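Participant: Let me give you the structure first, and then I'll get to my questions.
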Amino acid sequence: MTTHDAEFDIEESVTDAIPSVDGPVASFQPPQRRAPSERTQQDRPEDLQRTADRRAAEMREAAARAAARLRGTPEKKALPAGPSPLDVESPFLELFDASAMTPDGVKISGPPPTPPTFVEPPPLPESGAAVSGRPVSGPVLPPQPMRDLGPVPVSGPPLPVSSSAPPLPRHAAKTTVTPSPKQQRKQVAKQLRAPKQPKQPKPKKDRSPARELEITEIAGHLTFTSHAVTAWYLLPEVRWAFRPDPEREAMLSAISEQYAGLAGFRLHMRRTTRPFPADLWAQQLDSLTPRPLPTVSGAPSWEDYLVAAQRHLRQVNHSEGQTFLGVTFARRALGDTLSERLLKAFGKGTPEGERKKLGRQVEQFDEVLAAFGMRGQRAAAFELEWLLYRSVALGMSPPTNVGTVAHGHWEAGDLLALTENIERYRTPYGSTVKLVNRVTGEERHVAVLTVGRMEPLDIPERHEPWLHFHERLPWAMELSTRVDILGSQDSFRNLEHRLRMIRSQQQDYLEHGMDAPPELERLASRALVMGDEMTTGLPVDSARAHGWHRIAVSGATRDECLERARALTSAYSRELRVALQHPKQQDQLAREFIPGEPIANTGYLRRMPVRLLAAALPQAASTVGDRRGDLIGRTAGTCRRPVFLDPHFPMEIRERSGLAVMVAEPGGGKSTLLGAMGYLNARRGVQVTLLDPSGPLARLGTMPELRPYTRVLNLTGGEQGTLAPYSLIPTPQRSEFPAGHAGNREFEIAVSNARAERRMLVQDICSMLVPPQVAREASTATMLRHAVRTVPAEETSTLDDVVRCLAGLDDNGRELANLLLDTAEMPLALLFFGSPPSELMGTDAALTVITMAGLRLPDLKIEREYWSAEEALALPMLHTAHRLAVRRCYSGDMHQRKLVGLDEAHFMEGWRSGRSFLVRLARDSRKWNLAALVASQNPKDILGLDVQNLVSTVFVGRIAQDAEIASDALRLLRVPTDVGYEAVLASLSAPDASTAGRLGYREFVLRDVDSRVQRVRVDVSYVDGLLATLDTTPTGQVARR
Amino acid sequence: MRLRTDDDIYRARLVYLGPPGYTLPIQLPYAQYGLFVLLVPLFMAVRWLITGGQIDVIPAWEIALAIVTTSYVFRHVDPDRPARMVIRTALTDWRRTREPATERRDPRLVARRVVVRGGIT
């Protein structure tokens, strides 16, 4: 349990939203959907294929039309007359032939229009082959105005070709190299002559001084410099938050053993960041949503929603980190270097023989690093290129469309060519290094801090990993660590001299009769212990890591950069008591980040045992959630990552049940989360049913984009028989089970289970309807059981049959029947008697909200005798309303996605039928593709073993009052209790006492289907009007009126 | 786990207390004595070069200069910036000890001639 779990925000002045998005952004604009009138009513899953084919054909037509437009020729009338079938608004369509299989098969008839993405420099002539005297592409572009902090540039409708400067994307230029460059140039020149065209200067040959990097070759995961060879590995991220301390210690021990196994080598550990590919996510979400809710005029459409989500993601500026570990293991012999130089003249690199020999040597590292602990994998060549580029352009915004909406393909070496454009300057007083990207005009100041004096750390008990701690600040930083790992012999030799001198100094003081300073005493005893450890202990205890640890902080201006450096330094000194120094020679320090470059010889050499180096753990991370669902917020722990949640992910991909449980006290944000999930999934075309007895979710129907598709069922004004218990349990159909003998057996079992459940439910409902004193008598139970046994347990039976049966029994039975009929006098109780109205089920509404407006829910802590009549009725109403909500999902297509949100499920506690309901829900969720979100104030019922294993996702909101509920909730999260996490639960959604405004978000601790636990902040502010609609406080309601 | 660096050990201040039986009034670290002993002949050699072959029997000036230089160097030395660093900085940066007040351009670092291969062989 560490400090970071309890407090997470450094200071209020550090804001979340980074207004400047550096660099042009790639964005995904989904193609517009067809109008609803053109869709058939009976859309079934087989239609997906047809829809996809149709859309591909439409894209092809649009591309053909766009190409024709570019050519300036009149369109061929290949399309039927009538309204244009599709006005596709995707800028990427016009970039390439939609039917091409690979980028090389792309036929471009004319220069494509500008994609509003990262603008690339004119492609360099290939090494050894120049196509023409000038670069093939057209004019060099003026630096785009990157510094506007206005609305984030997001790709909108396709830009008309003639009014923008068309730099050719690199891949396009590559593919057009083989057709005629002359024709290319002519067309480009023609475009230049188009009106409203600023004059573009010709690309000048760059004569500013340039120095080559030390790296000469990247071969697979090896990099070669003139002196040494380094093998690079990618370290995957490990979970750190909310893990029990013994697990953390085990992981750190494993990592330190791996380091000890690398004794004798020099390591370079780099941590760099990658921007979150919001457009890839949007594209995936769009492809997973075959039928979003049709657009309502005047309301934001599906496309607008996706664009708003991407914009929100950009604003919060998440970035994911990547950790690389390079092991320098070989010195190169003179012969190798010379032969490499010779071969370079012929365009080849290092000789094959050398590389084969190294390949064998490097396998030992694979074994050591792939073990539990670091689990390092060999880095691929393009990843190393990425690392190299990011190290040269330290802190700058990366090219955003590498690996994003992939319509091109970067060849080996492309990324490195971009390093040509990074200019470096030394700023006044040498405090930062200024990097300017000549092509985009971006300017960035970088300050490199180095780790100075470190006080003892308690990891994992009190402190966080000391190279992971910086991630709590909202801006991205880069790390570079260069250490030598010394084995036991070397480190002992290193230390022995010092240890002996300390002992002799102590002796000296003794001889002179003076008191030795206490520090010396301490060091002397420590020296004894260390000496002993190192000579007789395990290698992992005696291995040492001597090296330098640097953190690079960047900012758009020098002041911002220094301000950030100061914030980082104060954070480190306050929490971890690690001093960060800002030395001189920043340019050399910035060079040290680049793999292969020499070490900047400033001081601040840190010598530490490998355990402390392992405890640095830069690869600790905190992602949670799947990556393919809707954006519901971000993590609120150390780093900030977006959190996506798709309620159907556990069933469809992980093959677990779809039961998600939410536990929070009143005011903890359950309604907000339920409403947000309901809205987001309804938008995606999932059939959503929400049960919200006392909350605001009925107001979701007032949102313009949902209004025509919402149905609100108010039970307090319902018809007789709406909640008839027998009909609430569906009868299984034979078609739901596989054919054959086994299927027959399953079908029979399911039918008898349904009957048993009906009997249980009716018994419980009747017990709830009669006064509690009567219900407690043994004879009541017997009679009810008899009646329930007699009445056939089919869907068509009603409570009236039960009453009739009871009346026919004997005097006691008649009394019981009369009691039941007494309750039937209350209008609300009529909901239980009679048959359900026919049109109750089977509506086509995308969103159904079941409410019980005006109903007072009883307090479970008070005895049932003291409940009022209305409160007493609320209990069976809730039980049956939960089943009604789920019942709706059993009619209709088994494979269609459905979502059920149930609030106030804690009323089921203590009733047999309640627990069986949850079990059935969990078991059926996979079969019926039904995701269930069950909110409760008390998790006790869910902790029963049979249900707990079926729960895939857990949300825990603020629990500040009841310690028992808090520990139950922690057990649900599978997080150790009594180590201090209860304080974390109490501090969720903590409002700032100094401000008078309301908290705009709600926080939960989320455990996702992959057992990752993290604190998240639910933030759906990117959907207009959703938060205002879900606002439950009086002020919000007044404002709405 | 309580984790600490080894730097404490390297940071220990090892002073020369004096010969056995007599405690010096001023206790200086061994390193300063070492530097002093290196500097005196150095300054004598410098004087010999400048004045063309003249040395004193008791090099008072050289000793005084060496004392001053040693104390100046060690004023800037701390455990993180060892004496070697400080001397090197003093010797190489004497022309550029103060960073200029204007921006200066550095050569670009380019990766022009890096050969990239997909696999090792």
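Every number in this text was worked out from the coordinates using simple rules, so none of it is lab data. The structure displayed is predicted, hence computed values, not measured ones. So basically every Cβ, Gly included, is an ideal-geometry build from the backbone, and we count neighbours across all protein chains shown.
Participant: Summarise the partner chain shielding of B:8-18 as one whole number: the mean count of Cβ atoms from other chains within 10 Å of each residue's Cβ.
Facilitator: 6
Participant: How shielded is A:544-550 by partner chains, expressed as the average number of their Cβ atoms within 10 Å of its Cβ atoms?
Facilitator: 1
Participant: Let me know the shape class of region A:657-791, please: from the alpha-carbon gyration tensor, a ≥ b ≥ c as square roots of the eigenvalues, rounded when a/c is under 1.5, otherwise prolate if a/b is greater than b/c, or oblate.
Facilitator: oblate
Participant: Modelling each spin label as a point 7 Å along the Cα-to-Cβ direction, I'd like the A:Glu794/A:Asp1024 distance in nm, to one decimal.
Facilitator: It works out to 5.4 nm between the two label points.
Participant: Could you sort A:981-988, A:1002-1009 so that the peptide with the highest average Cβ count within 10 Å comes first and the rest follow in order?
Facilitator: Put in order of decreasing packing, that is A:1002-1009, A:981-988.
Participant: Tell me the trypsin sites (Lys or Arg not before Pro) within region A:858-956 that lie in a loop according to DSSP and have at most 11 other beta-carbon atoms within 10 Å.
Facilitator: A:Lys861
Participant: Over region A:702-832, what relative contact order in percent results from Cα pairs under 8 Å that are six or more residues apart?
Facilitator: 32 percent
Participant: Please work out the FRET efficiency for the pair A:Arg211 and B:Met1, using the Cβ-Cβ distance as r and a Förster radius of 41 Å; give the result to the nearest 0.05.
Facilitator: 0.40
Participant: Let me ask you something else. Please work out how much length the chain gains when fully extended from A:Asn949 to A:Gln284, using 0.36 nm per residue of separation minus the C-alpha to C-alpha distance, in nm with one decimal.
Facilitator: My answer for the length gained is 236.4 nm.
Participant: Determine the shielding of peptide A:585-596 by partner chains: average, over its residues, the number of Cβ atoms on other chains within 10 angstrom of each Cβ.
Facilitator: For peptide A:585-596, the averaged partner shielding equals 1.
Participant: Given the options A:Gly957, A:Met894, A:Ala905, identify the residue whose Cα lies farthest towards the positive end of the charge dipole of region A:892-957 (+1 on Cβ of Lys, Arg; -1 on Cβ of Asp, Glu).
Facilitator: A:Met894
Participant: With each pseudo-label sitting 7 Å past Cα toward Cβ, what's the B:Tyr33-A:Glu909 distance in nm, one decimal?
Facilitator: With each label placed 7 Å out from Cα toward Cβ, I get 7.7 nm.
Participant: Here's another thing I want to ask about it. How would you rank A:Glu420, A:Glu865, going from fewest to most other Cβ atoms within 10 Å of each one's own Cβ?
Facilitator: Ranking A:Glu420, A:Glu865 by Cβ neighbours within 10 Å, fewest first, gives A:Glu865, A:Glu420.
Participant: Also, quick follow-up: Grab the beta carbon distance between A:His786 and A:Ala963, set R0 = 41 Å, and tell me the FRET efficiency rounded to 0.05.
Facilitator: Result of the calculation: an efficiency of 0.40.
Participant: How far apart, in nm, are the 7 Å Cα→Cβ label points at A:Glu521 and B:Gln54?
Facilitator: With each label point 7 Å from Cα toward Cβ, the separation is 5.7 nm.
Participant: Please give the peptides A:467-477, A:764-774, B:103-113, A:328-338 ranked by average Cβ packing (other Cβ atoms within 10 Å per residue), highest first, as a rough proxy for protection.
Facilitator: A:467-477, A:764-774, B:103-113, A:328-338
Participant: Most exposed first by the Cβ proxy, i.e. fewest other Cβ within 10 Å, how do A:Tyr709, A:Tyr305 rank?
Facilitator: Going from least to most buried by this count: A:Tyr709, A:Tyr305.
Participant: Of A:Lys670/A:Lys861; A:Lys670/A:Lys940; A:Lys434/A:Lys584; A:Lys670/A:Lys927; A:Lys348/A:Lys434, which sit over 25 Å apart, Cα to Cα?
Facilitator: Violating the 25 Å Cα-Cα cut-off are A:Lys670/A:Lys927; A:Lys348/A:Lys434.
Participant: Would you please state which residues of region B:1-23 a label at A:Arg462 would reach in this model, taking the label point 7 Å out along Cα→Cβ and a backbone N cut-off of under 12 Å?
Facilitator: B:1-3
Participant: Continuing with the same structure: Net charge near A:Ser253, counting Lys/Arg +1 and Asp/Glu -1 over other residues with Cβ under 15 Å of its Cβ?
Facilitator: -1
Participant: Counting other beta carbons within 10 Å of each residue's own, what order do A:Phe372, B:Phe43, A:Phe917 fall into, fewest first?
Facilitator: A:Phe372, B:Phe43, A:Phe917
Participant: Let me ask something else about it. For region A:500-515 and region A:539-567, compute the distance between their C-alpha centroids and round to whole Å.
Facilitator: 38 Å
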